[in-house]
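Let me begin by presenting the structure, written as structure tokens, before commenting on it.
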Amino acid sequence: MSNEIGEYEFTVDWFTQNEHVWRLIFQKLLPDAKKILEIGSFEGRSAVWLMQNGFNRDLGGDLYCIDTWQGGVDYEQAQIPKIQISEVERRFDHNIEQAKLRAPHVKLHKIRQASRASLVQLLASGHAESFDFVYVDGSHMANEVLSDLVLSFALCKLGGVIVCDDYLKDQGQNPLFVPKLAIDSFVNCFVGKVAVLGQLPLYQLYLRKFSS
């Protein structure tokens, strides 16, 4: 790894619009976050932000990033040609290496696997109720989003925050192919265990866990 801090390589920006809300969450609710989980990493833009802003700069912490980097329906919806899929993972790796130079106390755990298997393995290996912040941004298929949310709830600690991306994405499409149905189902089934953080933009939905 070079000793010089170079430039990040990003081709799209689906994150910056949410940055101010995330900053508020970490400042007000999670100032001492030590362990963060991201489901769906793509080129690493949100992961890079988390490495640099989600942890105490001196103490650092652990960031777990789960993605297959193998394409699929969501890549097709984003109009990413198959020939560029390997480049997405290469850019993720490059961007993480650059972020490590800026946030040397953060340990990055890259998990190249489908989310369901990865989340189950994390639970089985002792990570239950240990994550301060969980970002659910993998598949947009409703059944897969629901699975990710249920397993994420088990991994999130009491007082932790779960962020559901793309809550209002593509309204009017088949509800089985967008996250909203799954997110609404999860919130309704886990009423009394999670609270929706109000007075925040609704493109993402922000939940806080207050009961197991």
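General remarks:
- Taking residues in region 162-180 that are under 17 Å from residue 37 (Cα atoms), and partners anywhere that are of a type in the set (D, E, K, R), the pairs with Cβ atoms closer than 7 Å and at least 6 places apart or on different chains are 162/209; 165/137.
- Filtered residue count, region 1-53, keeping only those that are among the aliphatic types (A, V, I, L, M) and more than 15 Å from residue 95 (Cα to Cα): 9
- Residue-level check: of (1) closer than 21 Å to residue 49 by Cβ; (2) part of a loop (DSSP other than H, G, I, E, B), residue 128 misses just (1).
- Among the residues making up region 119-165, a single one is closer than 18 Å to residue 71 by Cβ, surrounded by fewer than 22 Cβ atoms within 10 Å (Cβ to Cβ) and in contact with a Phe, Trp or Tyr (Cβ under 9 Å, 6 or more places away or on another chain): 141.
- Pairs where the first residue, in region 53-66, is in contact (Cβ under 8 Å) with a residue 40 or more places away in the chain and the second is among the basic types (Lys, Arg), C-beta under 6 Å, 6+ apart: 61/34; 61/35; 62/35; 62/107; 65/110
- Selection of region 198-212 for residues being modelled with pLDDT of 95 or more and surrounded by fewer than 17 Cβ atoms within 10 Å (Cβ to Cβ) yields 210, 211.
- Scan of region 24-59 for residues that are part of a helix (DSSP H, G or I) and either touching a strand residue (DSSP E or B) at 6+ places or on another chain (Cβ under 9 Å) or within 23 Å of residue 138 (Cβ to Cβ) (or both), ordered by number: 25, 26, 45, 46, 47, 48, 49, 50, 51, 52, 53
- Qualifying residue in region 106-124 (condition: charged (D, E, K, R), assigned to a loop (DSSP other than H, G, I, E, B), farther than 27 Å from residue 174 by Cα and in contact (Cβ under 8 Å) with a residue 40 or more places away in the chain): no
The values are calculated or read from the model by the stated rules, or taken from the named source; none is laboratory data. Quantities reported herein were computed from a predicted structural model and do not represent experimental measurements. Note that each Cβ is placed from the backbone with ideal geometry, even for glycine, and that neighbours are counted across all protein chains shown.
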